There are 2 protein chains.
Amino acid sequence: MLRNLSENYENLSINTATLGYEHSLINKIDQIARAGFGGIAPWRSEVDEKNPIPVTKLIKDAGLSVTGYCRSAYFTGPDKDSRKKSIENNIIGIRTASLLGAECFIAVVGGLAKGTRNIEENRKQILEGLFSIGKIASEEGVPIALEPLHPVYASDRSLLNTIDQAIKWCDELNQTFPGTFGIAIDVYHVWWDPKLYENLMRAKSIILAFHVSDWLIPTKDPLMDRGMMGDGIIELKKIRNALEDNGYTGSVEVEIFSSNNWWKRPILETLDTCMDRLKNIC
Amino acid sequence: MLRNLSENYENLSINTATLGYEHSLINKIDQIARAGFGGIAPWRSEVDEKNPIPVTKLIKDAGLSVTGYCRSAYFTGPDKDSRKKSIENNIIGIRTASLLGAECFIAVVGGLAKGTRNIEENRKQILEGLFSIGKIASEEGVPIALEPLHPVYASDRSLLNTIDQAIKWCDELNQTFPGTFGIAIDVYHVWWDPKLYENLMRAKSIILAFHVSDWLIPTKDPLMDRGMMGDGIIELKKIRNALEDNGYTGSVEVEIFSSNNWWKRPILETLDTCMDRLKNIC
């Protein structure tokens with residue numbers, strides 16, 4: 001049964017990337033809460049990971065839940081040292097996510113390591129990296145949400161590109177770390193998949209996050225020209241319906257990278273538009 | 001067994017798009033043959049489809065085979081009339097392909113019809129359209145090569161996005177039109193697929209064409225910034241090896257859309273570079 005988002009504000013969340021990077025996190029927290037949202041998903045660059053207590057308090061005092069913490073360092077790297085550093089960095093991220101009370105730590109796993117072409121080897125490095133953070137994630141009680149990214153980002157951001165692939169990795173990882181790994185479904189990355197609904201069904205018990213935005217025609221830049229929900233061609237309601245039919249009760253988080261449009265507008269306009277579209281389009 | 005391309009020039013083909021659209025087809029035919037290639041894949045816009053005999057003769061006299069004819073009109077459309085016109089257009093394309101002696105007619109199937117979001121309905125239209133051209137393709141003896149396009153083109157160019165999906169459609173179509181439908185594998189579109197090698201194996205009996213280019217990092221424009229083989233990150237030899245291990249003996253066709261780089265260079269430079277890379281990189 002599709003939830004009525006107009007009656008479930010606590011489930012509506014804003015990924016802070018949606019508001020660009022010019023404003024402080026403090027300002028964002030305040031405005032997101034005032035605009036009526038129930039959740040926030042901050043980025044690591046916005047948080048002082050050496051002392052996340054003040055931010056944690058601010059978010060809590062604003063009445064917001066943390067629907068996700070963005071995001072892992074890439075697990076691929078040209079040598080063992082760089083991959084080890086990435087693991088260490090990710091452990092700090094997981095500890096911070098735990099302090100923030102984040103519902104999950106988002107894993108964007110990385111593309112081909114610089115100078116390499118061997119996809120199989122790079123994917124192996126990613127899986128090894130994920131195994132390396134399983135114990136700490138399990139101990140901290142922070143599930144890792146593997147986010148399959150659109151294949152347009154395969155070379156430089158993520159060699160995890162389909163829900164099918166994410167299901168397989170989660171199956172393998174959860175054999176060692178039960179209940180620790182799940183999947184973040186971002187409509188922007190998966191809307192095109194011929195097996196979308198079949199795989200949403202297969203993934204139903206491990207979906208940890210649901211991100212919305214829209215795919216514009218034309219898309220001027222695949223990274224920085226995401227659209228506001230309703231301005232593109234993604235069947236948002238149909239996808240959410242499938243998720244919720246399968247039992248998903250988590251947040252609906254807006255994540256829009258839009259350097260030339262939404263990031264240039266006043267925060268309040270963006271937030272009000274997000275709220276309106278969530279209620280009427282998603 | 002990987003063929004030695006230095007000894008198999010007859011298998012090396014140039015898709016005329018690689019040379020941009022400023023030169024005449026006559027000029028391209030001449031230079032492609034002089035540069036030592038054995039095949040050519042022309043575009044419909046370059047051929048007078050009301051009278052393709054002179055071009056056919058030119059290509060034949062140059063000693064070139066036609067490794068593919070590019071390409072179908074999109075099968076999706078906002079109404080029945082537009083889809084009917086597209087079928088009629090495609091029938092002309094198939095007849096021309098037959099006269100040219102083309103080894104296949106390339107089907108780029110179309111994205112979402114303008115103003116629509118319903119992927120399932122649009123994909124249904126595509127399959128219906130393909131069924132509508134099966135008879136004529138079968139009669140003319142021109143196999144239709146379904147080309148899965150990279151998901152970055154799903155919204156506006158092709159809702160056929162994986163080899164898996166192409167296999168399913170071919171299975172369905174060939175039940176009615178045995179041996180008429182197959183698949184064009186273009187490395188640019190499929191290199192990222194986690195199931196690439198598994199699906200190349202499954203598709204082995206119906207692979208009609210093999211296109212090469214490279215994926216650049218960064219890619220400035222997903223449509224017009226394809227790279228020359230060796231300049232990007234695609235494992236070209238590994239993919240060709242898989243195809244040939246599975247029994248592929250057809251052409252290796254270079255198809256590079258590169259409006260700001262290769263299209264600006266002299267034809268001969270591009271052709272010589274293609275030849276060199278085919279022999280040493282692919």
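Computed values, structure above
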{"quantity": "Area accessible to solvent at B:Ser259, 1.4 Å probe radius, in Å²", "calculated": "40 Å²"}
{"quantity": "Residue-count net charge about A:Ser65 - beta-carbon cut-off 13 Å; Lys, Arg +1, Asp, Glu -1", "calculated": "-3"}
{"quantity": "Whole-angstrom gap from segment A:1-73 to segment B:95-166, using each part's C-alpha centre", "calculated": "44 Å"}
{"quantity": "Nearest-20 debye value, chain A charge dipole, Cβ charges on Lys, Arg, Asp, Glu", "calculated": "320 debye"}
{"quantity": "Rounded to the nearest 20 debye, dipole of segment A:30-176 from Cβ charges on Lys, Arg, Asp, Glu", "calculated": "240 debye"}
{"quantity": "Within-9-Å neighbourhood charge of B:Leu2 [Cβ basis; K, R +1; D, E -1]", "calculated": "+1"}
{"quantity": "Most fluctuating residue given options B:Leu200, B:Leu58, B:Leu173, as computed from a GNM of chain B linking Cα atoms under 10 Å", "calculated": "B:Leu58"}
{"quantity": "Most mobile of B:Ile256, B:Ile91, B:Ile26 in a GNM of chain B (Cα contacts under 10 Å)", "calculated": "B:Ile26"}
{"quantity": "Aspartates and glutamates with Cα under 13 Å of A:Lys195, excluding same-chain neighbours fewer than 8 positions away", "calculated": "A:Asp164, B:Glu120, B:Asp164"}
{"quantity": "Of all DSSP beta bridges in chain A, antiparallel share, percent nearest 5", "calculated": "10 percent"}
{"quantity": "DSSP bridge pairs, segment B:124-282: antiparallel proportion in percent, nearest 5", "calculated": "20 percent"}
{"quantity": "Exposure rank, largest accessible area first [A:Lys195, A:Lys168; 1.4 Å]", "calculated": "A:Lys168, A:Lys195"}
{"quantity": "Highest-MSF residue in chain B out of B:Thr67, B:Thr16, B:Thr219 [GNM, Cα springs under 10 Å]", "calculated": "B:Thr219"}
{"quantity": "Other copies of B:Glu244: label-to-label distances in nm, shortest first, labels 7 Å along the beta-carbon direction", "calculated": "5.5"}
{"quantity": "Those aspartates and glutamates that a straight Cα-Cα span of less than 14 Å connects to B:Lys124, excepting residues fewer than 8 apart in one chain", "calculated": "B:Asp79, B:Glu172"}
{"quantity": "Label geometry 7 Å along the beta-carbon vector: A:Lys85 inter-copy distances in nm", "calculated": "5.8"}
{"quantity": "DSSP-assigned coil residues among trypsin sites (Lys or Arg not before Pro) in segment B:197-253, each with at most 13 further Cβ atoms within 10 Å", "calculated": "B:Lys220"}
{"quantity": "Of B:Lys28/B:Lys85; B:Lys168/B:Lys238; A:Lys84/B:Lys237, pairs whose Cα-Cα distance is over 28 Å", "calculated": "B:Lys28/B:Lys85; A:Lys84/B:Lys237"}
{"quantity": "Other-copy label distances relative to B:Leu127, 7 angstrom Cα-Cβ extension, nm", "calculated": "3.2"}
{"quantity": "Value at 222 nm in deg cm²/dmol, rounded to 500, when DSSP H runs of n ≥ 4 in the protein assembly as shown each add -39,500 (n - 2.57)", "calculated": "-12500 deg cm²/dmol"}
{"quantity": "Total accessible surface hidden between A and B, rounded to 100 Å², 1.4 Å probe", "calculated": "2500 Å²"}
{"quantity": "Trypsin sites (Lys or Arg not before Pro) restricted to segment B:1-104 and DSSP loop, no more than 12 other C-beta within 10 Å", "calculated": "B:Lys50"}
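The values are calculated or read from the model by the stated rules, or taken from the named source; none is laboratory data. Not measured: the values here are computed from a predicted model. With ideal geometry, Cβ positions are generated from the backbone for all residues, glycine too; neighbour counts draw on all protein chains shown. Ligands, DNA and RNA are excluded from the accessible area calculation, which covers all protein heavy atoms including side chains. Shrake-Rupley method; radii C 1.70, N 1.55, O 1.52, S 1.80 Å.
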